[in-house]
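Input: a single structure, listed below in structure tokens.
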Amino acid sequence: MSSEFTYYYGWNSMQTKIKEYRTRFSMTQEDLAKKVGVRRETIVFLERGKYNPSLRLAHDVARTLHARIDDLFIFDNEPEPESPEIREILVD
Amino acid sequence: MRETKQRNLYRIIIGALMLMSGLISAVFEPGGFIFSTILIAGGSAFLAVGILRDRQYRDGPESDERLKKIGAYGLSYAWLTGILFISALYWLDFLGILRMGTQRALGLSVMVLAISAVLYQMYLVRKGDVE
């Protein structure tokens with residue numbers, strides 16, 4: 001992912017793969033905007049990583065693009081996910 | 001989307017009714033100049049906003065979560081600016097540096113609040129988000 005999609009949110013920067021997934025489905029920004037019920041400009045800022053969406057919008061976009069939220073939105077400096085054993089302990 | 005169109009339809013109907021009432025009032029009651037002027041100006045504004053928004057946002061939502069968030073933050077920043085401005089006016093008056101009447105001070109405060117809200121919102125819309 002090129003750095004032009006990088007945006008700093010405090011200590012973190014966000015990158016998105018929305019454009020990549022959207023083009024796989026031959027969707028325009030307008031199509032995606034209509035499907036998730038927002039204005040096209042919002043999709044433009046989302047793709048540039050300049051808009052931090054609500055969980056609802058992130059969920060709707062992910063669902064429309066048949067992806068998971070964490071496939072679409074990637075935060076730099078994100079801590080490594082815990083190992084399955086640690087996750088099991090935390091869940092218990 | 002249907003809601004937006006309905007809202008614009010209401011704007012157009014209300015605008016047309018106000019405009020017609022203003023014109024009728026101006027013709028049949030020449031003494032009520034202020035009343036008919038308010039009706040004509042308000043009706044024209046409603047009508048213009050209804051028609052323009054309907055044409056501009058025919059196929060999509062007029063507002064979404066990003067714009068609502070920006071709107072709210074813009075108003076918050078404007079409120080803060082207003083507080084600072086009013087505090088400055090108070091201290092300038094208290095120290096005898098600048099004296100102005102209540103009417104002028106209130107008028108200026110209203111202008112600062114309204115204009116700063118619009119400017120903050122314009123800036124945030126261009127920026128994309130509030131953070």
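The values are calculated or read from the model by the stated rules, or taken from the named source; none is laboratory data. Nothing here was measured: the structure is a model prediction, and the numbers come from that model. Counting neighbours? That spans all protein chains shown, and the Cβs are built from the backbone with ideal geometry, glycine included. Surface areas here come from the heavy atoms of the whole protein model, side chains and all, with no ligands, DNA or RNA. Shrake-Rupley method; radii C 1.70, N 1.55, O 1.52, S 1.80 Å.
What longest region of chain B stays clear of trypsin sites (Lys or Arg not before Pro) that DSSP places outside H, G, I, E and B and that have at most 15 other Cβ atoms within 10 Å?
With trypsin sites (Lys or Arg not before Pro) excluded where exposed in loops, chain B gives B:1-57 as its longest stretch.
Over the range B:1-43, consider all pairs of different Cα atoms and compute the Kirkwood hydrodynamic radius from their mean reciprocal separation; express it in Å, one decimal.
This gives a value of 10.8 Å.
Mean residue ellipticity at 222 nm from the helices of the protein assembly as shown, using -39,500 (n - 2.57) per DSSP H segment of n ≥ 4 over the full residue count, to the nearest 500 deg cm²/dmol?
-22500 deg cm²/dmol
Which residues, if any, in the range B:61-102 lose at least 20 square angstrom of accessible heavy-atom surface (probe 1.4 Å) when the other protein chains sit next to their chain rather than the chain being alone?
B:Pro61, B:Asp64, B:Glu65, B:Arg66, B:Leu67, B:Lys69
Assigning unit charges at the beta carbon (Lys, Arg +1; Asp, Glu -1) and nothing else, what dipole magnitude in debye, to the nearest 20, does chain B show about its Cα centre?
The calculation lands at about 160 debye.
Return a whole-number percent for the relative contact order of the range B:18-118, with Cα pairs under 8 Å and 6 or more residues apart as the contact set.
It rounds to 22 percent for the range B:18-118.
Report B:Met122's accessible area, 1.4 Å probe, all protein chains in place, as a number in Å² to the nearest 10.
110
Based on Cβ point charges of +1 for Lys and Arg and -1 for Asp and Glu, what charge dipole magnitude is obtained for the protein assembly as shown about its Cα centre, in debye rounded to the nearest 20?
1100
Nearest 20 debye, what's the magnitude of the dipole of the range B:42-92 about its Cα centre given +1 on Lys and Arg Cβ and -1 on Asp and Glu Cβ?
40
Step by step: find N for the protein assembly as shown, compute 2.2 N^0.38 Å, then divide the Cα radius of gyration by it. What's the final number?
Rounded to two decimals, the normalised Rg is 1.45.
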